[in-house]
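The values are calculated or read from the model by the stated rules, or taken from the named source; none is laboratory data. None of these values were measured; they are calculated from a predicted model. Glycine gets a Cβ as well: all are built from the backbone with ideal geometry, and neighbour counts include every protein chain shown. To get the accessible areas, we keep the full protein, side chains included, count just its heavy atoms, and leave off ligands, DNA and RNA. Shrake-Rupley method; radii C 1.70, N 1.55, O 1.52, S 1.80 Å.
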Amino acid sequence: MNNFCIVIPNYNHITVIDDVLSQLSSFNLPIIMVDDASNAEAKNVFSKLDAKHAQLSVVAHDDNQGKGGAVQTGLKQAHKLGFSHAIQVDADGQHDLSDIKKLIALSNAQPKALISCCPIYDDSVPKHRYLARYLTHVWVWIETLSFTIVDSMCGFRVYPLEQSTKLIDEVSLGKRMDFDPEILVRLYWRNVPFVFLPSQVIYPENGLSHFQPLHDNVRISWLHTRLFFGMLIRSPVLIWHKLKRRYGR
């Protein structure tokens, strides 16, 4: 049986984080929240939450590293503490946390797989964000020569820590919004299996977003350039593994 914990990257998200932690407490799992060099007000809130929620431990960055950097810190800390799998949850209340039971069941059934939610959006999703996500998905399909990765941007996932932390140690992954698609593509290249679970996602009114349209789009564009050429180098192996999966050899 897998040994799970929860990892939450957090940079100044204080509006709903107490509600998120209260919902998570019902699963009775240890929670690692990575404070990505938040401001003084947020740090004060996190200190009070640390005292309030027995399952919570807070790991703090001295300098802001971005969401991807915070997730990587959380995954490495989880692996160091002996957990086999970490459930990534965002701090902004977008996710349907009741689906954690399903994620755990899927992970127990396939312990070596990365389990990820595939968002079902309502009308709250900004149209430009939806279209931008789809463009990234298309690039990921090209970079993997496969449609296996149904969604590459959702931050509600179960990471198998042995494979994930090995990748983090061996490759310099993006530390901001480029992290989410990059780690999936590179794990796919390492023949890690994937399972996707449809899950409702909302964009709360007045929600705090740290997406920087210029800088993050440049990072993501440069990421896809690198991954495209990485795919070309690996294409014979990717095609071979694809044929093996298809024909069961």
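Ranked highest first by average number of other Cβ atoms within 10 Å, how do 23-31, 172-180 line up? Walk me through the numbers on the way to the answer.
Working: 23-31: 15.9, 172-180: 19.8.
Highest-to-lowest ranking by the protection proxy: 172-180, 23-31.
Carbon and sulfur atoms: what percent of the 1.4 Å accessible area of the chain do they account for?
Solvent-exposed carbon and sulfur of the chain make up 57 percent of the total.
Suppose only helical runs count, i.e. DSSP H with n ≥ 4. What mean residue ellipticity at 222 nm does that imply for the chain under -39500 (n - 2.57) per run, divided by all residues and rounded to the nearest 500 deg cm²/dmol?
-15500 deg cm²/dmol
Which cross-chain or sequence-distant (5 or more) residues have an amide H under 5 Å from the amide H of Cys118, H modelled 1.01 Å from N in plane?
So Cys118 has HN proximity to Leu197, Ser199.
Relative contact order (percent) for the chain, with alpha-carbon contacts under 8 angstrom and 6 or more residues of separation? Kindly include the intermediate steps, with their values, before the conclusion.
Numbers: 388 pairs, mean separation 56.8, N = 249.
Reported as a whole number, the value is 23 percent.
I'd like the FRET efficiency for Asn108 and Asn39, computed as 1/(1 + (r/R0)^6) with the beta carbon distance as r and R0 of 35 Å, rounded to 0.05. Don't jump to the answer; show the numbers that get you there.
Values: r = 39 Å, r/R0 = 1.11.
Efficiency computed from Cβ-Cβ geometry: 0.35.
Which length gain, in nm to one decimal place, applies between Val138 and His241 when the Cα-Cα distance is subtracted from 0.36 nm times their residue separation?
Value of the extension gain: 35.1 nm.
Under 14 Å from a point placed 7 Å out from the Cα of Val59 along the Cα-to-Cβ direction: which residues of region 68-96 have their backbone N that close?
68-89
Rounded to whole Å and ordered largest first, report the semi-axes of the equivalent ellipsoid of region 27-92 derived from its Cα gyration tensor (root of 5λ). Could you put the intermediate results ahead of the total?
Values: eigenvalues 70, 50, 18 Å².
Listed largest to smallest, the semi-axes of region 27-92 are 19, 16, 10 Å.
Mind giving me the nanometre distance, one decimal, between the label points for Ser26 and Asp50, set 7 Å out from Cα along Cα→Cβ?
Modelled inter-label distance: 2.8 nm.
List the residues whose amide H sits under 5 Å from the amide H of Val34, counting only those 5 or more places along or on another chain, with H placed 1.01 Å from N in the peptide plane.
Ile8, Asn10, Val59
Among bridges DSSP assigns within the chain, what percent are antiparallel (round to 5)?
Restricted to the chain, the bridges split so that about 25 percent are antiparallel.
Of all alpha-carbon pairs in region 1-53, indicate the percentage at a distance above 15 angstrom. Numbers along the way, then the final one.
Numbers: 627 of 1378 pairs.
The share of Cα pairs beyond 15 Å in region 1-53 comes to 46 percent.
Can you compute 3J(HN,Hα) from phi for each residue in region 65-72, using the Karplus curve 6.51 cos²θ - 1.76 cosθ + 1.60 with θ = phi - 60°, rounded to whole Hz and x for Gly and Pro?
So the Karplus estimates, Gly and Pro as x, are 10, x, 4, x, x, 5, 5, 4 Hz.
Taking θ as phi - 60°, what are the ³J(HN,Hα) couplings along region 144-153 by the Karplus curve (6.51, -1.76, 1.60), each to the nearest whole Hz, with x for Gly and Pro?
Karplus-based 3J(HN,Hα) across region 144-153 equals 9, 6, 7, 9, 4, 7, 5, 9, 10, 10 Hz.
Along region 226-242, what does the Karplus equation 6.51 cos²θ - 1.76 cosθ + 1.60 (θ = phi - 60°) give for ³J(HN,Hα), rounded to whole Hz, x for Gly and Pro?
Using θ = phi - 60°, the values come out as 5, 5, 4, 5, x, 5, 4, 5, 8, 4, x, 5, 4, 5, 4, 5, 5 Hz.
If you roll a 1.4 Å probe over the heavy atoms of the protein chains, what accessible area per residue do you get for the chain, in Å²?
50
When only DSSP loop residues count, what chymotrypsin sites (Phe, Trp or Tyr not before Pro) in region 50-149 have their Cβ near at most 11 other Cβ atoms within 10 Å?
On the way: sites: Phe83, Tyr121, Tyr130, Tyr134, Trp139, Trp141, Phe147; in loops: Phe83, Phe147.
Loop-located and lightly packed - Phe147.
At each listed q (0.08, 0.13 Å⁻¹), what is the log10 of I(q)/I(0) that the Debye formula gives for the chain modelled as equal alpha-carbon point scatterers?
-0.29, -0.80
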